[in-house]
Amino acid sequence: MHLPYGMAELRPTRVVSADTVRCHVVGCMVEVPRQRRRFRADNTYLCLQHGIYLSPSTFQYRDPYCNLLWRDDTDRCCLQIVESVKRTMERLGRERDEDALTWNVVRAFEREGRLRALAELLTGEGCNLPPGEPQVIYWATDLVKGERWRLLEQAQCEFGESPERGTEPDAALYWPGEHLVFVEAKFCAPSCTTPSVKPRREDERPFSYGGHPHFSRAFKGSYHQIAVESRMYQLMRLWLLGSWAAKTNGAAFRLVNLVRWRKEADIETRFGGRWCRQDSARRFRRATWEEIWDRLPETGLSDRTMTILDQYLANKSAGYDSYGSLRRAFAPRTERMGGR
Ligand SMILES: [Zn+2]
């Protein structure tokens, strides 16, 4: 199978002019007009030979499946269900899309019945997890029932969110009534976010989130301190809704911020330690994509799947930086061991 383009196929240094962008694939001479600001997947910017829309800093596949590792009929069927609920599948074709990365990694474990092994890697806890495979939920979609995930919908409703714009983890692993793991996956975007500004009407969120009785049970600070001053809006919502849903269903809760090794090194202190009321029943943890990559041999995945994931993570690119150099997505082990 063809893996998505990465470090091996793309130019180390982009070729652009004030008005044009040459296709980022090594050896390709196709040039398209240079697009600016918001990325547009428009035929004007398409390299027909490689099936990618180009901007100076990144690309997007015309066929989103080219960006995905798992594309057989069952996978496609799952994504069709997700699409019917989530409706933003086009973005899965983007080089820097965190949903595509999440799907490629988590789905690998699901396909081989190794989600519990993934949960061990993510939470750093083996013996605390219930036996058996958890249910997996991608972006709030219950694939078994083909609808929005009820558990999350109830939490969204409890905190006054509309389901279309509600808080959702990128992936959730759930042993019903026992253990709930929310995964907030980050690739190129930062974990720190603030509430969007609502200039036209009164902002109800300080009340619907911050005024809820569960808020003070979950946090050691106010809505304003955590969401606005500390810019932990997104993590705050996930901790709030997840811990509420877990408690309501008699389950333990873990929130995992899955990031790149170079990023958010102190998030456990800055968010978990400083703001979250943690105990044995609920914890916040940082995990890295690189940890998963390193520890693939421990997961029990088949050799074929492990090889595909290993090649994918090693080759994964993260767009061109402002100097025009292609960025490697994940730090190779040698770099993390102290080399450069
Ligand atoms: Zn091309």
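The values are calculated or read from the model by the stated rules, or taken from the named source; none is laboratory data. Everything quoted here is computed from the prediction, not taken from an experiment. No Cβ is skipped: glycine too gets one built from the backbone with ideal geometry, and neighbour counts run over all protein chains shown. The accessibility values were calculated without ligands, DNA or RNA, using every heavy atom of the protein model including side chains. Shrake-Rupley method; radii C 1.70, N 1.55, O 1.52, S 1.80 Å.
Brief remarks on what is shown
- All positions within the range 244-278 that are open to solvent by 20 Å² or more (accessible area, probe 1.4 Å), within 18 Å of the chain's Cα centre (by Cα) and either closer than 13 Å to SER191 by Cβ or of a type in the set (D, E, K, R) (or both): ARG260, ARG262, LYS263, GLU264, ALA265, GLU268
- Applying the criterion of being assigned to a strand (DSSP E or B) and within 15 Å of the ligand (Cβ to nearest atom) to the residues of the range 2-20, the residue that is least open to solvent (accessible area, probe 1.4 Å) is LEU10.
- Where a residue in the range 42-55 is of a type outside the set (Lys, Arg) and its partner, wherever it lies, is part of a loop (DSSP other than H, G, I, E, B) and more than 9 Å from the ligand (Cβ to nearest atom), with Cβ under 6 Å and at least six apart: TYR45/GLN35; GLY51/ARG62; TYR53/ALA41; SER55/GLN35; SER55/PHE39
- Looking only at the range 52-104, and only at residues there that are away from the ligand (no atom under 15 Å from the Cβ), outside any helix (DSSP H, G or I) and open to solvent by less than 10 Å² (accessible area, probe 1.4 Å), the one that is farthest from GLU153 (Cα to Cα): LEU69
- Any chance ARG40 is more than 16 Å from the ligand (Cβ to nearest atom) and either open to solvent by 40 Å² or more (accessible area, probe 1.4 Å) or among the acidic types (Asp, Glu) (or both): yes
- Single unsatisfied condition, GLN49 versus (1) assigned to a strand (DSSP E or B); (2) open to solvent by 50 Å² or more (accessible area, probe 1.4 Å): (1)
- Output for the range 181-214, where each listed residue is more than 17 Å from the chain's Cα centre (by Cα) and surrounded by 22 or more Cβ atoms within 10 Å (Cβ to Cβ): TYR209
- Members of the range 84-125 that are more than 27 Å from GLN49 (Cα to Cα) and among the acidic types (Asp, Glu): GLU110, GLU112, GLU120, GLU125
- Of all residues making up the range 119-158, the number that are in contact with a Leu (Cβ under 9 Å, 6 or more places away or on another chain), assigned to a loop (DSSP other than H, G, I, E, B) and surrounded by fewer than 19 Cβ atoms within 10 Å (Cβ to Cβ): 1
- The range 21-37, subset open to solvent by less than 20 Å² (accessible area, probe 1.4 Å), of a type in the set (A, V, I, L, M) and within 10 Å of the ligand (Cβ to nearest atom), residue nearest to CYS66 (Cα to Cα): VAL25
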